[in-house]
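To keep things clear, I will list the structure first and then write my remarks on it.
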Amino acid sequence: MNILFFMYIVIISLTISLTWTIIGRNEYSYNRKFPKFFGVNSFPLAGWTIGLVVIMVLYYYLENLLQIKLFYYQFLFFLLLYWTLLFALEYVGYHILNIRNNGKMNYKGLPLIDVIHVVWWMKIVYLSLGPIMFIVCKLIL
């Protein structure tokens, strides 16, 4: 992976993350202080940006290593990677680091794994941001 390719991934990730955190900025109020920029909480912005970059770099490395050719299999493989990483990081943040979104304390997490404690439409967004990133990268890169 060359530096230009990596920079495109960073720009796409930042664009998706910034769009989401601007839309959802009123949904984030944590039990810890994180800086805000123009009303956007830096924690979800940084988390989504870094997470999407990491998952795409990992995906492209593994795709090349495993020689996955068909888009259908690429997409399924990406979903497995993305959701595994998302659930693992959400679990660590919520259950181990005790980071809580105060505004969403009353929402149950996903069944069986107790992660993503937000309203139902935000659960859909969380599960969809990775696939959106994947599709945009496949269309552009």
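The values are calculated or read from the model by the stated rules, or taken from the named source; none is laboratory data. On a predicted model such as this, the values are computed, not experimentally measured, just so you know. Using ideal geometry, Cβ is built from the backbone for each residue, glycine included, and neighbour counts are taken over all protein chains shown.
Key figures for this structure:
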| read-out | value |
| --- | --- |
| Residue in the range 89-109 that is in a loop (DSSP other than H, G, I, E, B), over 15 Å from the mean Cα position of the chain (by Cα) and surrounded by 16 or more Cβ atoms within 10 Å (Cβ to Cβ) present | yes |
| Selection from the range 59-73 of residues that are surrounded by 10 or more Cβ atoms within 10 Å (Cβ to Cβ), free of Cβ contacts under 8 Å to residues at least 24 places away in the same chain and either among the polar types (S, T, N, Q) or assigned to a helix (DSSP H, G or I) (or both) | Leu62, Glu63, Asn64, Leu66, Tyr73 |
| Neighbours by Cβ (under 6 Å, 6+ apart or cross-chain): first from the range 24-50, part of a loop (DSSP other than H, G, I, E, B); second of a type outside the set (A, V, I, L, M, F, W, C) and surrounded by fewer than 18 Cβ atoms within 10 Å (Cβ to Cβ) | Ser29/Asn102; Ser29/Gly103; Asn31/Arg100; Asn31/Asn102; Phe34/Ser42; Pro35/Ser42; Gly39/Arg25 |
| Near pairs, Cβ below 9 angstrom, 6+ apart or cross-chain, from the range 99-119 (at positive phi) to any residue that is of a type in the set (A, V, I, L, M) and modelled with pLDDT of 90 or more | Ile116/Leu86; Ile116/Leu110; Ile116/Met122; Ile116/Leu127 |
| Single match in Asn106, Asn64, Asn101 (criterion: closer than 19 Å to Leu18 by Cα and not aliphatic (A, V, I, L, M)) | Asn101 |
